[in-house]
């Protein structure tokens, strides 16, 4: 199988391409530049070249689109424009390229986000829950999914991704740093939900979605057991053998991070109903399983 990946040099992208290579798949990256020292085993095609020669994707079986400006930055007006614009631009480019192919890829797996469900401390959301556009990230996801629906591929999977936990990138290393310093504790009320997933399960479920022809539309890419911020912190403290005692006031987080603080102070309880219904087996179904594994990996590969 030949798979094209956009965003292949990002946190999830690097783990995914390595996973695909180990599985024996042929992988090609799509990027702004053809020279990628981060992924030497993966050939890259530039968007410029692809738009002039769309037939380069003629024999690709699947596309995984993970491209987009990082949301881990202060959300100034300019940053917001980049965050949304980068996602819509890639979707438009894919639409242009795929529309010119005689033999189109069988499936598109496109990154999305659980923010589309809105914020709640009491509700539980699955793929049948309606969109609730109450903030910036929710609006980004809504527009992103609408753009992806215009790409002419018969089967599209929209991965609504939670917080991906891994040692080599993403939010997790920053989330556990206070505990390593001995000043870990709940953030804000501690009651806000954290819908998370281990990076290994993240890349496995992408392959699962590619190979399962009955899966399409929204798919919640989260573990089946979300936790509150306080529960997460207590688990990290238990595994790292550090205290869980230093609460961080919500006002301080808002002062430091601005609007971005919504990611730390608010959340939603999301369940991966579609994956469970189709028989996907999580290697790390609980936060204790995940943190134990990440701690073990960090000790073995410092």
Problem set entry | DSSP-defined antiparallel bridges as percent of all bridges, region 157-302, nearest 5 | 20
For this session: Starting from the Cα of residue 281, step 7 Å along the direction of its Cβ; do the same at residue 106; then give the gap between the two resulting points in nm.
Result: 2.3
Exercise. Taking other Cβ within 10 Å of each residue's Cβ, how do 196, 47 sort, fewest first?
Worked result: 47, 196
Seminar exercise, completed: Largest-first semi-axes in Å of the equivalent ellipsoid built from the Cα gyration tensor of region 186-233 are 29, 11, 6
Exercise. In angstroms, what radius of gyration and Dmax does region 2-296 have, counting Cα atoms only?
Worked result: 19.1, 60
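What ranking of 139, 129, 99 emerges when the number of other C-beta atoms within 10 Å of each C-beta is taken as an exposure proxy, fewest first?
On the way: 139 16, 129 19, 99 13.
Listing 139, 129, 99 from fewest to most nearby Cβ atoms yields 99, 139, 129.
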Exercise. Taking other Cβ within 10 Å of each residue's Cβ, how do 202, 175, 1 sort, fewest first?
Worked result: 1, 175, 202
Exercise. Given labels modelled 7 Å from the Cα in the Cβ direction, how far is it in nm from residue 61 to residue 99?
Worked result: 2.8
Exercise. Do you know the relative contact order of the chain, to the nearest whole percent, from alpha carbon pairs under 8 angstrom that are 6+ apart?
Worked result: 18
Exercise. Roughly how large, in nm² to one decimal, is the mean projection of the convex hull of the alpha-carbon atoms in region 136-250?
Worked result: 8.6
Problem set entry | For region 2-296, share of DSSP beta bridges that run antiparallel, in % to the nearest 5 | 5
Seminar exercise, completed: residue 76 and residue 298 label points (each 7 Å along its Cα→Cβ direction) are spaced in nm at 3.2
Exercise. Across 5 Å bins from 0, what is the distribution of all Cα-Cα pair distances for region 1-124, in whole percents?
Worked result: 2, 10, 19, 22, 18, 13, 8, 5, 2, 1, 0
Problem set entry | Span from the region 189-262 Cα centroid across to the region 44-59 one, whole angstrom | 36
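All of the numbers you see were taken from the coordinates with simple rules; none came from a lab. In this text the structure is predicted, and so the values were computed from the model without any measurement. All Cβ positions, glycine included, derive from the backbone under ideal geometry; neighbour counts span all protein chains shown.
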